[in-house]
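The values are calculated or read from the model by the stated rules, or taken from the named source; none is laboratory data. Predicted model only: the values in this text are computed from it and were never measured. All Cβ positions, glycine included, derive from the backbone under ideal geometry; neighbour counts span all protein chains shown. Only protein heavy atoms, including side chains, enter the accessible area calculation; ligands, DNA and RNA are left aside. Shrake-Rupley method; radii C 1.70, N 1.55, O 1.52, S 1.80 Å.
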Amino acid sequence: MFDKLIEWFDSTHIHEQILDVEFVALFTNPWFAVPFGSLIAWMLYKQSWKEIIIIGVIIAAWWFSGTDYMASLIVNGEVQIEKVLPVVFGGAAGLGLVIYLLFGRSD
């Protein structure tokens with residue numbers, strides 16, 4: 001079952017598409033910027049701070065995944081443990097923040 005799922009995921013090339021996204025081009029494209037800006041404006045109007053923070057965490061994780069630091073985590077097929085640990089702890093902190101916002105607080 002998982003083999004078929006992995007084959008389908010590889011055939012869609014989603015991973016390569018995510019890696020090839022240009023942030024500047026994306027946020028200056030009106031087909032993305034107008035709906036995204038409208039969403040943020042609506043959330044500001046409704047004062048949905050929780051959702052705005054969650055969107056910010058997702059965008060920050062997406063941006064960080066494309067940095068040179070993330071590209072240098074694997075060298076010659078070996079994982080650099082001294083570089084992975086900060087990423088793991090940062091990811092755990094971001095996930096903890098999102099879990100706290102979703103389940104820990106009531107509005």
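Things worth noting here:
- The set of residues from region 52-107 being under 24 Å from Asp20 (Cα atoms) and basic (Lys, Arg) comprises just one member, Lys83.
- Checked against the criterion of being open to solvent by 80 Å² or more (accessible area, probe 1.4 Å) and part of a helix (DSSP H, G or I), the candidates Leu39, Leu26, Leu101, Leu5 yield just one match: Leu5.
- Condition check for Ser11: among the polar types (S, T, N, Q) and either open to solvent by 90 Å² or more (accessible area, probe 1.4 Å) or closer than 30 Å to Leu102 by Cα (or both): no
- Note on region 43-56: residues that are surrounded by 11 or more Cβ atoms within 10 Å (Cβ to Cβ) and more than 22 Å from Leu95 (Cα to Cα) total 1.
- Tallying residues that are in a helix (DSSP H, G or I), loosely packed, with under 12 Cβ neighbours inside 10 Å and of a type in the set (D, E, K, R) within region 63-86 yields 2.
- Matching residues in region 19-56 - criterion: being in contact (Cβ under 8 Å) with a residue 24 or more places away in the chain and closer than 24 Å to Ile99 by Cβ: Lys50, Ile53, Ile54
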